[in-house]
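Chemist: Pasting in a structure now, in structure tokens, and then I'll have a few things to ask.
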Amino acid sequence: MTRSDIWADVAPLLRGVERPGRYAGSEWGAHRPPRDGFAFCMVYPDTYELGQANQAVRILVNRVNATPGMVAERAYLPAADMADAMRDANVPLFSLENTTPLREFDCIGITLPHELCATNVLEVLSLAGVAVASEDRTEDDPIIIGGGPCASNPEPYVRAFDAILIGEGEESVPEVLAAIKEGRAQGQERAQILKALAQIEGTYVPALHDPNAEPAPHVRKRVFEGFAIADPWEPMVVPFVECVHDRLNIEVLRGCSRGCRFCQAGMIYRPVRERPADAIISAVERGVAETGYEEVSLTSLSTTDHSQIADILKRLNARFAGTGVRVSIPSQRLDAFGVSMADAVAGQKRGGLTFAPEAGTQRLRDVINKNVTEEDLMEAVKAAMGAGWQRMKLYFMIGLPTETDEDVAQIGHLADKAFELMRTLTPPEARGRLKMTVAVNVFVPKAHTPFQWDGQITPEEARRRVGLIRHAVRAKAVRVDYHEPKTSLLEAVMSRGGREVALLVEEAWKRGARFDAWTEHFSEDAWHEAARALGLDMEAVAHRRLDVADPLPWDHIDSGVTKSFLVRERSRALAGQTTEDCTFSACSACGICAPEGPRIVLQEERGIHG
Amino acid sequence: MADPRTFRLRVRYAKTGRLAMLSHLEVTHALERIVRRSGLPFALSQGFSPHMKLAFGPALPVGVGGSEEVFDVTLVSYVAAEKALVSLQEAAPPDLWPEHAAYVEPASAAASVAFTVSTYEVELDRALRQLIAPDQVTVVRKGKKKVLQVADFLVGEPVWDGRCVRFTLRSGEAGSLRADAFARECLKLSAQGCEPFQIRRFMRTALA
Ligand code: SF4
């Protein structure tokens, strides 16, 4: 059966909405596949501008299109004005390539990039005309699969998805689609197909997995072991509409094992796998030629940790000198080497230099395993002043486990001290241009981290602690930046809630919650009313402190990093002991590397850079 | 002053189909990327953050296509115009299609100032029975209302033929009148209490 193309219904709506270009598709690099045969639609559950550059969408669409017998298209959640216009005109959510209604696809995949997109998932399904709850779907409905970072605690999403894929999707998405295709071809019922999916490693089928069953279900995270040898050039769509991260992004390494104890990405994307310098450089050359981008970003969780980064930047700078092409790296290491790497990429000085010491005292930095010292920060400041920067931004977290008022006040003192150093290193006439920002965020406990058992502080407590920082800061040019995030409670609830939260999401969405990550759309009331109606205490979910012996809602999800490692890390944290990064020193036995399983891939030895 | 060692290529292109939905800024970004992908030896401006030397014809509103649009790109070495055109076409999406390329005199006016008279064609969902042009159009610019006298911009009279309306606007000292704002007023007056007209297609068909 040929799938429909509803462009004729969509086009009239575009004359009345903002930035209609984002619904028009036809971008450079997008392929319009045939409208028959087995088809997958990959959805980002937020607007096109936010999701266009998403790596999961880019990679998985490519992988599926490269698999014989199936095609993939993309879709995004329309902005509120378009969503309303579509509902009024009875136009269902459509894919960008062929303007095909989503419900005509065999399978819809929705990525879960952050904790505040759960109601958007339901909005996507509802606009698509698909039942928002898995249990209400009929035989004709597409199979709805999910995945992405937030799937590492899948319980708050179990009502919406038929299957949730844990870990990296490069191989598992084509496998799951092949199984759906096979099942459909044999005329199998939904329930049978889902049973087959549950057999595929890394696939969680909530309807078949009772988390309270004995023996407990067990789903092992997938790791794309071929990452390091795969071509770093990942073909991409070049949007017409201005989007976030609108540049040529080349993923240079995956994973980070610095082991910050609050960081989920650092735990769930292990082990570290670096791509070779030569392959990266040819990928950048090819990408620049094929996309026409003038800005290149070498992406990863810790680009400056790549063992060949200095060489890579040197070669890229030489290669693109005089062409107007700029290379950037997303995050700098907090030390002199980090600054020298930032200095090696042209044009970043206008944005100022950003570092994340995260905590104000060495004691607390040891607790969180942020292996930077005050000396590192001061060396970084010296190097930055020497290289001509005038603005610095320091990120800190409040509400970290064991934090005392002394730790909090020290954030202010540390910023003052760093700023004072900036001043002394700057000639008096230029000092007026110096600026420092202290950005403060509230700690959100995340599943699969050593701090998963710890509760979040209340908003009142957060306000009090920010007050301590403000009080401690002396220098006028140091600005303390804290926007009270009404959403951090919700983030914590989504991050560590159990199955009961899936119902909460549905009830909140029914009460109008959508675009929760957008300040102008976030409806605190919808969530609180939903919680009241269900008799659920959101504060308790977010703030409760658990015992390491307590069962966790995500115990059946095996991230590869063992629970005993997390427990050990937690006791080391409480004892103020740090754990070294295994890519720079010895293995700390987190559990992910196995004789048969994934392995760390480094191109050269990682060492102390001069 | 034009650099005598550079070459100014004037490209005519069409903005059509789905890409009529792009804004002027989006089109200019897309054209810049087309030039980069084409591999042509484009010139960069001097200075701290060098950028490509491009000049664009007058802006088209969102939702309005064009069959005779124009931009200039400065090249640092000579490439036969026909060859340059092929390179651009290979790097362009079909709905933003370079149709013609020719060198212009270094001293001649840039595309951004050379074109002041635009002819538009609007296709509607049904035939008109009358066409009434407004005397004034009120526009909002930067939050301020401004009343524009149509006579300052309109060239000749708007004409219609079945479902199709054609009109020509000139820009000049009085600034310019947005074609979509003018068309909206025309259609409102011309519908006179009946169902509002729906625009099916809106194109700039000539630029002089
Ligand atoms: S198992 Fe050891 S070497 Fe492998 S990622 Fe974990 S700590 Fe590092």
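Chemist: Take the Cα radius of gyration of region B:100-146 and divide it by 2.2 N^0.38 Å, with N its residue count; two decimals is plenty.
Modeler: It is 1.93.
Chemist: What is chain B's relative contact order, in percent, from Cα pairs under 8 angstrom and six or more apart in sequence?
Modeler: With pairs under 8 Å counted, the relative contact order is 26 percent.
Chemist: Taking beta carbons within 10 Å but only from partner chains, what does the mean come to for residues A:14-27?
Modeler: 5
Chemist: Mind checking the dipole of chain B: about its Cα centre, +1 per Lys or Arg Cβ, -1 per Asp or Glu Cβ, Debye to the nearest 20?
Modeler: 500
Chemist: Longer than 20 Å from Cα to Cα, which of B:LYS15/B:LYS145; B:LYS15/B:LYS144; A:LYS486/A:LYS563; A:LYS393/A:LYS476; A:LYS393/A:LYS446; A:LYS314/A:LYS370 are they? Say none if no pair is.
Modeler: Too far apart for the 20 Å limit: B:LYS15/B:LYS145; B:LYS15/B:LYS144; A:LYS486/A:LYS563; A:LYS393/A:LYS446; A:LYS314/A:LYS370.
Chemist: Considering the Cα trace of region A:492-610, what is its radius of gyration and what is Dmax, both in angstroms?
Modeler: 20.3, 60
Chemist: Might you work out the accessible area of B:GLU90 for me, using a 1.4 Å probe with all protein chains in place, and round it to the nearest 10 Å²?
Modeler: Around 140 Å² of this residue is reachable by solvent.
Chemist: In region A:286-414, with Lys and Arg counted as +1 and Asp and Glu as -1 at Cβ, which of these residues, A:GLN410, A:ALA359, A:LEU394, has the Cα nearest the positive end of the dipole, that is, farthest along it?
Modeler: Among A:GLN410, A:ALA359, A:LEU394, the one farthest towards the positive end of the dipole of region A:286-414 is A:LEU394.
Chemist: Further question on the same structure: Count charges around A:SER328 for me, please; just the other residues with Cβ under 9 Å from its Cβ, Lys/Arg as +1, Asp/Glu as -1.
Modeler: Net charge around A:SER328: +1.
Chemist: Seen from all sides and averaged, what is the projected area of the convex hull of the Cα atoms in region A:184-319, in nm²?
Modeler: Its Cα hull, projected and averaged over all orientations, spans 12.8 nm².
Chemist: Grab the Cα-Cα distance for A:GLU461 and A:SER585, subtract it from 0.36 nm times how many residues apart they are, and report the gain in nm with one decimal.
Modeler: 40.8 nm
Chemist: Once amide H atoms are placed 1.01 Å from N in the peptide plane, what residues at a sequence separation of 5 or more from A:ALA72, or on another chain, have their amide H within under 5 Å of its amide H?
Modeler: Those lying under 5 Å, H to H, from A:ALA72 are A:PHE40, A:ASN65.
Chemist: How large is the dipole of the protein assembly as shown about the Cα centre if only Lys and Arg carry +1 and Asp and Glu carry -1, each at its Cβ, rounded to the nearest 20 debye?
Modeler: Values: 96 positive and 109 negative charges, 486 e Å.
Taking the Cα centre of the protein assembly as shown as origin, the dipole is about 2340 debye.
Chemist: If you average 1/r over every pair of different alpha-carbon atoms in region B:117-207 and take one over that average, what Kirkwood value in Å do you get? Before the final figure, lay out each step's value.
Modeler: Values: mean 1/r = 0.0741 Å⁻¹.
Mean inverse Cα-Cα distance, inverted, gives 13.5 Å.
Chemist: With unit charges on the beta carbon (Lys/Arg positive, Asp/Glu negative), name the residue among A:SER571, A:THR449, B:LEU19 whose Cα is farthest towards the positive pole of the charge dipole of the protein assembly as shown.
Modeler: The residue sitting most towards the positive pole is B:LEU19.
Chemist: Let me know the whole percent of all Cα-Cα pairs from chain B that are separated by more than 22 Å.
Modeler: 54
Chemist: Also, I was wondering about something else. Divide by every residue of chain A the summed helix terms, -39500 (n - 2.57) for each DSSP H run of at least 4, and state the resulting mean residue ellipticity at 222 nm, rounded to the nearest 500 deg cm²/dmol.
Modeler: -10500 deg cm²/dmol
Chemist: To continue, here is another question. Please list A:VAL367, A:VAL237 from largest to smallest accessible area, probe radius 1.4 Å, with all protein chains kept in place. Each step should come with its number before you reach the end.
Modeler: Numbers: A:VAL367 5, A:VAL237 25 Å².
Sorted descending by solvent-accessible area, the residues read A:VAL237, A:VAL367.
Chemist: Whole-Hz ³J(HN,Hα) for each residue in region A:193-199, computed from phi via Karplus 6.51 cos²θ - 1.76 cosθ + 1.60 with θ = phi - 60°, x for glycine and proline: what do you get?
Modeler: Once θ is set to phi - 60°, the couplings for region A:193-199 become 4, 4, 4, 5, 5, 5, 7 Hz.
Chemist: Long-range amide H contacts for B:LEU154: which residues qualify at under 5 Å (H placed 1.01 Å from N, peptide plane, sequence gap of 5 or more or a different chain)?
Modeler: Distant-sequence amide H within range of B:LEU154: B:ARG170.
Chemist: Return an integer: the convex hull volume of the alpha-carbon atoms of region B:60-120, in Å³ per residue.
Modeler: Spelled out: Cα convex hull of region B:60-120, divided by residues, is 111 Å³.
Chemist: What whole number of Å gives the distance from the Cα centroid of region A:453-528 to the Cα centroid of region A:139-206?
Modeler: So the separation of the two Cα centres works out to 31 Å.
Chemist: Would you kindly find the accessible area of A:THR138, with a 1.4 Å probe and non-protein molecules such as ligands, DNA and RNA excluded, rounding to the nearest 10 Å²?
Modeler: Surface accessible to solvent at A:THR138 totals approximately 70 Å².
Chemist: Still on this model: Which ³J(HN,Hα) values, rounded to whole Hz and listed in residue order, are derived for region B:17-29 from phi using the Karplus coefficients 6.51, -1.76 and 1.60 in 6.51 cos²θ - 1.76 cosθ + 1.60 with θ = phi - 60°, glycine and proline given as x?
Modeler: Those phi angles translate into x, 5, 6, 4, 6, 7, 7, 4, 4, 5, 5, 5, 5 Hz.
Chemist: What total accessible surface area, summed over both chains, is buried at the interface between chains A and B, computed with a 1.4 Å probe and given in Å² to the nearest 100?
Modeler: 2200
Chemist: Using alpha carbons only, what's the Rg to Rh ratio of region A:1-121 with Rh from Kirkwood?
Modeler: My calculation of the ratio gives 0.94.
Chemist: A further question on this structure: Taking the dipole about the Cα centre of chain A, with the C-beta of Lys and Arg at +1 and of Asp and Glu at -1, give me whichever of A:PHE337, A:GLY259, A:ILE110 is farthest to the positive side.
Modeler: Sorting the options by dipole projection puts first A:PHE337.
Chemist: In vacuo Debye scattering of region B:12-112, one point per C-alpha: log10 I(q)/I(0) at q = 0.13 Å⁻¹?
Modeler: -0.44
Chemist: Give, in nm to one decimal, the length gained when the segment between A:GLU420 and A:GLU596 is fully stretched (0.36 nm per residue of separation minus the Cα-Cα distance).
Modeler: Fully extending the segment from A:GLU420 to A:GLU596 adds 58.1 nm.
Chemist: How large is ³J(HN,Hα) for each residue in region B:172-177, as worked out from phi by the Karplus curve 6.51 cos²θ - 1.76 cosθ + 1.60 (θ = phi - 60°), to whole Hz, x for Gly and Pro?
Modeler: So the J values, rounded to whole Hz, are x, 4, 6, x, 9, 10.
Chemist: Using the Kirkwood radius over C-alpha pairs as Rh, can you work out the diffusion coefficient of region A:459-553 via Stokes-Einstein at 10 °C, viscosity 1.306 mPa s, in µm² per second?
Modeler: The diffusion coefficient I find is 104 µm²/s.
Chemist: Report, largest value first, the span of the C-alpha coordinates of region A:353-559 along each principal axis, in whole Å.
Modeler: The principal-axis extents, from largest down, are 62, 39, 29 Å.
Chemist: Count neighbours as other Cβ atoms within 10 Å of each site's Cβ, and list the GluC sites (Glu not before Pro) in region A:1-52 that are DSSP loop with at most 13 such neighbours.
Modeler: Those satisfying the criteria are A:GLU18.
Chemist: Averaged over peptide B:22-31, how many Cβ atoms belonging to another chain are found within 10 Å of each residue's Cβ? Spell out each step's value before the answer.
Modeler: On the way: counts 7, 6, 0, 3, 7, 2, 0, 7, 8, 1.
Averaged over the peptide's residues, the number is 4.
Chemist: Using a Debye calculation, one point per C-alpha and no hydration shell, please list log10 I(q)/I(0) for the protein assembly as shown at q = 0.07, 0.08, 0.09, 0.10 Å⁻¹ in order.
Modeler: One equal scatterer on each Cα of the protein assembly as shown leads to -0.61, -0.80, -1.01, -1.22.
Chemist: A further question on this structure: Using a 1.4 Å probe over the heavy atoms of the protein chains, calculate the carbon and sulfur portion of the accessible area of region B:7-114 as a whole percent.
Modeler: Ligands and nucleic acids excluded, carbon and sulfur reach 58 percent.
Chemist: Sticking with this one: Under 11 Å from the Cβ of A:PHE522, count the other residues' Cβ atoms, weight Lys and Arg +1, Asp and Glu -1, and hand me the total.
Modeler: Net charge around A:PHE522: -2.
Chemist: While we're looking at this one, here's another question. Determine the distance separating the Cα centre of region B:113-170 from the Cα centre of region A:66-86; give it in Å without decimals.
Modeler: For region B:113-170 versus region A:66-86, the Cα centre distance is 36 Å.
Chemist: For A:GLU484 and B:GLN192, FRET efficiency with R0 = 51 Å and r from the beta-carbon atoms, rounded to 0.05?
Modeler: With a Förster radius of 51 Å, E is 0.40.
Chemist: Test of understanding: express the Cα radius of gyration of region A:234-279 as a ratio to 2.2 N^0.38 Å, with N the residue count.
Modeler: Working it through for region A:234-279, the quotient is 1.53.
Chemist: Rounded to the nearest whole Å³, what is the per residue volume of the convex hull around the Cα atoms of region A:7-220?
Modeler: 116
Chemist: Let me ask something additional. Count the net charge of all other residues whose Cβ sits under 12 Å from the Cβ of A:GLN308, scoring Lys and Arg as +1 and Asp and Glu as -1. Mind dumping the intermediate values first?
Modeler: Working: positive: A:ARG275, A:LYS314, A:ARG315, A:ARG606; negative: A:GLU274, A:ASP278, A:ASP305, A:ASP311, A:GLU604, A:GLU605.
Result for the local shell: -2.
Chemist: Which whole-number percent gives the relative contact order of region A:7-220, counting Cα pairs below 8 Å spaced six or more residues apart? Don't skip to the answer; put the middle values down first.
Modeler: On the way: 347 pairs, mean separation 36.6, N = 214.
Reported as a whole number, the value is 17 percent.
Chemist: So if we plug the beta-carbon distance of A:GLU18 and A:ALA213 into 1/(1 + (r/R0)^6) with R0 = 41 Å, what FRET efficiency do we get, rounded to 0.05? Numbers along the way, then the final one.
Modeler: Values: r = 49 Å, r/R0 = 1.19.
The calculated FRET efficiency here is 0.25.
Chemist: Report, by chain and number, residues whose modeled amide H sits under 5 Å from the one on A:PHE224, excluding near sequence neighbours (fewer than 5 apart, same chain).
Modeler: Distant-sequence amide H within range of A:PHE224: A:GLU168.
Chemist: Under 8 Å for C-alpha pairs, at least 6 residues apart: give me the relative contact order for chain A, rounded to a whole percent.
Modeler: Dividing the mean separation by the residue count of chain A yields 14 percent.
Chemist: Using every alpha carbon pair in region A:197-236, what percent of pairs falls into each 10 Å bin from 0 up to the bin containing the largest distance?
Modeler: 24, 35, 21, 16, 4
The values are calculated or read from the model by the stated rules, or taken from the named source; none is laboratory data. Bear in mind that the values here come from a model prediction, so they are computed numbers and not experimental data. Backbone-built Cβ (ideal geometry, glycine too); neighbour counts: all protein chains shown. Areas reflect the complete protein model, heavy atoms only, side chains present, ligands, DNA and RNA absent. Shrake-Rupley method; radii C 1.70, N 1.55, O 1.52, S 1.80 Å.
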